[in-house]
Amino acid sequence: MTYKILVVEDDAVISTQLQKQLKEWGYETGGITDFQNVTEEFQAFMPSLVLLDIKLPFFNGYHWCSEIRKISHVPVIFVSSASDNMNIIMAMNMGGDDFISKPFDMNVLVAKIQAILRRTYDMASASSFLEYKGLTLNTDDYSVSYQSNKADLTKNEYRILKILMENQGRVISRDQLMQRLWDTNEFIDDNTLTVNITRLRKTLESLGLTDFIITRKGSGYQI
């Protein structure tokens, strides 16, 4: 799995250099270009981890960490020269997972990134179940259960539900879903996706769950 790291840094030189060095470590990287719409670019990129400066144009890093936390549990590392105790405490209280001071040693930053990614994703992948609001997805046998009811899913239905449950509260676009399903080398077109979403909803309704998958018109799907 290639992890995606989003750099939220308004100094273009630092952002470019940081992304370049992270790519050399095997990460896929992206940088924010519109600092008035950080969450929109966050959702479009779907990162595995965010590197977030505190001092940014328009709104500071605390604001954007709070906004990200409304839609995602993705790890956030604050990277800032404002490294006094008050800022570090504030960063943690706003939902940050770690704090590294500028100027930083790249090897130290990468070690922190690796540790957080390992804790976040290796532990998650070790579990055979995903759960959200009483619905349990069994990743071993492609089954889904709610209360005392259980149903089997097709591979595509399972993959769609797994993607949505891994991104609880986030809107996933049709293009993002098809791209993720395309990774399996199976042909998935727009109509096939619609059919699978419809069947998946009917299965969930048969278990007693209505409106579990919400359509965000013009945007995509969300649970």
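Quick note: the coordinates plus some simple rules give every number you see, no bench work behind them. For clarity, every value in this text was computed on a predicted model and none was experimentally measured. Here Cβ is always computed from backbone atoms with ideal geometry, including for glycine, and neighbour counts include all displayed protein chains.
For the chain, what is the percent of antiparallel DSSP beta bridges, rounded to the nearest 5? In the chain, DSSP labels about 50 percent of beta bridges as antiparallel. Each Lys or Arg adds one and each Asp or Glu takes one away; over the other residues whose Cβ falls under 13 Å from the Cβ of ILE54, this sums to -3.
Restricting attention to the range 189-218, which trypsin sites (Lys or Arg not before Pro) occupy a DSSP loop and are surrounded by at most 13 other Cβ atoms within 10 Å?
Filter output for the range 189-218: LYS217.
Its DSSP H runs of at least 4 residues, each contributing -39,500 (n - 2.57), put the calculated 222 nm mean residue ellipticity of the chain at -12500 deg cm²/dmol, to the nearest 500. A viscosity of 1.002 mPa s and a temperature of 20 °C, combined with the Kirkwood radius over C-alpha pairs in the Stokes-Einstein formula, give the range 4-125 a diffusion coefficient of 150 µm²/s.
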